[in-house]
Amino acid sequence: MATNDFDHQKLSNRILTGMGLGLVFGILLNLTVADQAWAQNFLIDGVLGVVGEIFVRFLSMLVVPLVFVSLITGVSALSDPKKLGRVGGKALALYMLTTGIAITLALSAAVIVQPGVGASPEQTVERQIAAQPSFAQVLTDMVPRNPVQAMAQGDMLPIIVFAVLIGLSIALAGKPGERIGQFFSDFNVVVMRLVGFVMLLAPYGVFALIATLGATTGLSTFFGVLKYVLLVLFMLVLHASVTYSLMLRFIGGLSPKVFFSKMRAVLAFAFSTASSGATIPVTLKTVEQRMGADNKVASFTVPLGATINMDGTAIMQGIAAGFIAQYFAVDLSLTQYMMIVLMVIIASVGAAGVPGVGLILLAGVLAQVGLPAEGIALILGVDRLLDMTRTAVNVTGDAMVTSIVAKSEGELDLEVFYDEHPEVLAAARGRVS
Ligand code: ASP
């Protein structure tokens, strides 16, 4: 079979069509038969639920093997181990910087727009303080006690640490290292190929996921907190389009227009699965094959970003914290704002890229500044849509930082980046599986 038996452009269009049709179908179900038992059991939980779940499972199935194999391949191919430190340092700095900007923008927006003011401030509230994940814990958890267990649980940071160490050892192990390195490099091609197959299922999977959402979400949930929803959506779009474009242009020297034009499939995957973790295979394939980032950089920065970089989540958490404080008429001090910034950054590092985790971690952020965790109940009903959108922003941040770091290391193939149909070129350079 040819290496690229699907046309990426066509596939992206089919995925977007799947989304659109899914939305229409879901809303139609919602307006007509969704509350009847047969439709719920057979159509929504049945056909749509099964197709959507299988699609997400296929993606999730690929994440651990792909990250492990691809990262080993990338690291073992590094001629200069210092480069790994440099790539890691740059990626970390940019990930932290963008998350810092995101939370600052979000809190400023919450203070200016005041989405929670005038809602219903008289409510009495019991305060609950949730346990905090300590920074020391996050740090020690990065080193796996047992790598197989880390893989079984899909814990990304310990998997990354283990794969980097194996990759470095391969690079330093002479002839046996070369042989094992070759094995992983071939294995990487095979796994990437599998990613291509799973992507072919995307139009159907995406249809099912979006249709389920459309069929099960009541519109009325949105109206109560409409200002909050619109503000989060607006800030997500603003951060992705303005902050990222400025960074691409001025730090990376790259065209934001070209970058975003290549992100369509990734965005559709992130949006419909609401999981940056499950989207890793597509993000990795896109940045390597459509943007020209070398595997040496991308295999490290993409899974790292999917785990520690969550700008979209930070935006939601910042606005939600402001919204809940305003709703309960709590005046936040400057120290409390600073605390929110810090806690949101730590939460985004510690969080796994799975659906809904941002809202769960919000409880910790609220507790830290003495805001009532019950406030989460206010926004629970609308979180899925926001989760989907913020995940799309999270993965865009990962791809953006990957492109900038790759470019700065001389590991971004600009011809591929600026080529509208780069598969042929990338294939010729051995980048396509
Ligand atoms: N679903 C998000 C992600 O995977 C995390 C969140 O809940 O904000 O990136």
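What follows draws every value from the coordinates through simple rules; no lab data is involved. These numbers come from a predicted model, not from an experiment. Because the Cβ atoms are built from the backbone with ideal geometry, glycine has one as well, and the counts that use them run over all protein chains shown.
Axis of helix 295-308 versus longest Cα principal axis of the chain: the two differ by about 20°, to the nearest ten degrees. Only helices enter the 222 nm calculation for the chain: every DSSP H run of n ≥ 4 contributes -39,500 (n - 2.57), and dividing by all residues gives -23500 deg cm²/dmol, rounded to 500.
What residue among VAL33, VAL365, VAL64 has the largest mean-square fluctuation in a Gaussian network model of the chain, using Cα springs under 10 Å? So, out of VAL33, VAL365, VAL64, the one fluctuating most is VAL33. Dividing the Cα radius of gyration of region 224-339 by its Kirkwood radius returns 1.04 for Rg/Rh. Each part gets one Cα centre, and for region 1-76 versus region 393-425 those centres are 25 Å apart.
Using the average count of surrounding beta-carbon atoms within 10 Å as a protection proxy, the listed peptides 398-406, 201-209 rank, highest first, as 398-406, 201-209. Across ASN394, ASN188, ASN146, mean-square fluctuation computed from a Gaussian network of the chain (C-alpha pairs under 10 Å connected) peaks at ASN146. Label-to-label distance, LEU425 versus THR335, with points set 7 angstrom from Cα along the beta-carbon direction: 5.6 nm.
Computed from Cα atoms alone, the Kirkwood hydrodynamic radius reported for the chain is 22.3 Å. Each of GLU409 and GLN137 was given a label point 7 Å from its Cα along the Cα-to-Cβ line. The distance between the two points is 3.2 nm. Taking 0.36 nm per residue of separation and subtracting the Cα-Cα distance, full extension of the segment from LYS83 to SER108 would add 5.3 nm.
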